[in-house]
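Report on the structure given below.
The values are calculated or read from the model by the stated rules, or taken from the named source; none is laboratory data. In this text the structure is predicted, and so the values were computed from the model without any measurement. As a convention, Cβ positions derive from the backbone with ideal geometry for all residues, glycine included, and neighbour counts pool all protein chains shown. Accessible surface is based on the protein model in full, side chains and every heavy atom, while ligands, DNA and RNA are left aside. Shrake-Rupley method; radii C 1.70, N 1.55, O 1.52, S 1.80 Å.
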Amino acid sequence: TEIFMAVWKQVIEDDIYNTCSWTVKADPDCVFLAPRLLHILKRMPETGEGVYLNNCRMGMHGPLEVFSRNAVRSWGKGAKRCFQHFYKLCSGPCLWGEDMFVDQCLSKVLKLTRKNVYTLLTEDHCDPPKGWDDCRNRSSVAFHPFKTLHEYEFCLANAEPNKFKDMEARAIKDKNIFLAEQKAKDKTKVLSPNGSKKEDSCRVDDNTDYQTQKGLFAMEGIISLKICRNKCNDDSRCGAWTWGKTRDTWSLTNMCFLKVVHGDESIIKIHDSKVVSGLPCRRSKEAESSRPKKGDEPSSALMNNFELIGENLPEPMLPDLPLGLLYCFSLMIPGSYEQALLAWQYAHRTNLFACDASTVYSNKSVEVADGLVTHVVNNSLHCEKGGEFGTVLNTDIFMAVWRRVIMDSIFAKYSWTVKVDPDSVFVAHRLRDSLTKFNESRSGVYLNNCKMGLHGPLEVLSRKAIVAWGKGSQKCFSHFYKLCSGPCLWGEDMFIDQCLEKVLKVKRVLMSKLLTEAHCDPPEDWESCEDNSSIAFHPFKTLAAYEKCLKTTTISNEDVDKFRFK
């Protein structure tokens, strides 16, 4: 970032950008076809604050950055403001590359118009299609990276065959010469004294940050530690990596930090419960061939875990007219604090028990209170750590719960279904009032409760959304299995959010007041529960804290008449 800030300062001082409508920052190893960009920019009007183009679904990537004239002016005036803003959020300098800093600054702080143009850049770090590096895609404006001259010429010749028809043959000849030279070097290479040591470089340290003398770069939108580690594997300069596994921290959630490790350098390990770190896992050819690869199909046994509606599980029948608005359910671990909370909630007809119908699921039949017995789910409810990576997962547990919910088919009689945690202070009638403005759509609707993505304490889905989820859950698992080169290490909330929005195309509606909780950047003193516009607060794990929050949030208005406190 510091290097490019100096470059940007010089660009703005030179003022050449002011004589043109658009400014493009292009890397030297980027095969950039300017006429294709000009065709796109003809349809892109300027705005007062400016426009810039986002080139990747994971966030803007640096090899090709495109800004309107007003956008460069806004960036020049506001860069210092952005640094101060993010310095406070990150409790120090954010460990971002220039591309992420510019992207976050322009869109989140300076509020410029951000146009997604995913044909702008085809590159290895943005989930490209198979065979992308032959550069024959006529809609792509740029391809990246091509670091040798013969690779660059080969790509350019394929991208513009009419202009560079003689270049392809020369590039192939140069490539053959290059490969022959590399093969000769490999034969004479001598192993270093440590070269024969067999080290456990594939080990991962959970709750640990690796600190080195020099960072390589940081990437946003990296949705699993597997992908982060693979990014490190793919870059020969990378000696260590750290992935932000937390769901609640700006500049850390789904961030991948790649780091340089010099030959004699010792990595400093710092305890940090929000991250996981490791070394590059560059395995032998034999080991590499046995691990899942991008595009591999999951086994039938894994697929069966994600079957909710299918050959073995019939589709529920939806009556034409729902019997009521809200059906709510919770999952309870027997003998835990959750059981006492649910018993109190049942006695006071609050939380899920204020809905039109409700169910408590558990892994065994338990009489929670007089008249309240759990429905049984065939699962231990023990949340294992995930595979070789040591990350806690709950997706398998909740897939078993969702399977039972759909089999019971109570949801089919109600317009909306709510999954609510026992330690959520959920005011049901506030949700009921809010839902009146939503109409069911063909594929269903679900509510997003956090700007960082759906969080699990309160999930709200229309009944058609649940049918779509039931029918498509296996399709989603297969899709993300290929993307993550194996099972994605996600919780249930992230899996269902990514599945419904990205794969099944269910309508996703952000409702900022749906959930106020510790893991979604809440306002100061949020735990006082004085905001009587919030539909739910989370977490409150003791009965005293739970009752205090509920009383506070309902005592200041007409809500108080809807509860009986003993």
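Annotations
- Cβ crowding within 10 Å averaged over residues, with 71-81, 148-158, 460-470 ranked highest first: 460-470, 148-158, 71-81
- Using the Cβ-Cβ distance between Arg349 and Asn207 with R0 set to 51 Å, the FRET efficiency works out to roughly 0.80.
- Inter-probe distance in nm under a simple model that places probes 7 Å from Cα toward Cβ, at Ser266 and Ser533: 5.4
- Largest accessible area first, the listed residues Arg57, Arg282 line up as Arg57, Arg282 when surface is computed with a 1.4 Å probe on the assembled protein chains.
- Cα lying deepest toward the dipole's positive end in the range 471-551, options Ser473, Ser528, Ala544, charges on Cβ: Ser473
- In this calculation the C-beta distance from Phe438 to Met317 is compared with R0 = 25 Å, giving a FRET efficiency of 0.65.
- Net length available on complete extension from Met5 to Asn18 is 2.9 nm, with 0.36 nm assigned per residue and the Cα-Cα distance removed.
- Counted by Cβ distance under 15 Å from His39, the other residues give a net charge of +4, where Lys and Arg count +1 and Asp and Glu count -1.
- In this label model, Arg43 and Thr119 are separated by 0.7 nm, measuring between points 7 Å along each Cα→Cβ vector.
- Extending 7 Å from the Cα toward the beta-carbon at both Lys505 and Asp166 defines two label points whose distance is 4.8 nm.
- Cross-link pairs Lys130/Lys464; Lys147/Lys259; Lys9/Lys111; Lys88/Lys502 - those with Cα-Cα distance over 23 Å: Lys130/Lys464; Lys88/Lys502
- Theoretical FRET efficiency, 1/(1+(r/R0)^6), r = Cβ-Cβ of Thr542 and Lys88, R0 30 Å, to 0.05: 0.40
- The range 417-514, accessible surface, carbon-and-sulfur percent (1.4 angstrom probe): 47
- Per-peptide average of other Cβ atoms within 10 Å, ordering 403-409, 7-13, 423-429 highest first: 423-429, 403-409, 7-13
- Probe 1.4 Å, all protein chains present, accessible-area order of Lys130, Lys507, Lys115, largest first: Lys130, Lys507, Lys115
- Global geometry of the range 11-131, whether rounded, prolate or oblate, following the gyration tensor of its Cα atoms and the 1.5 cut on a/c: oblate
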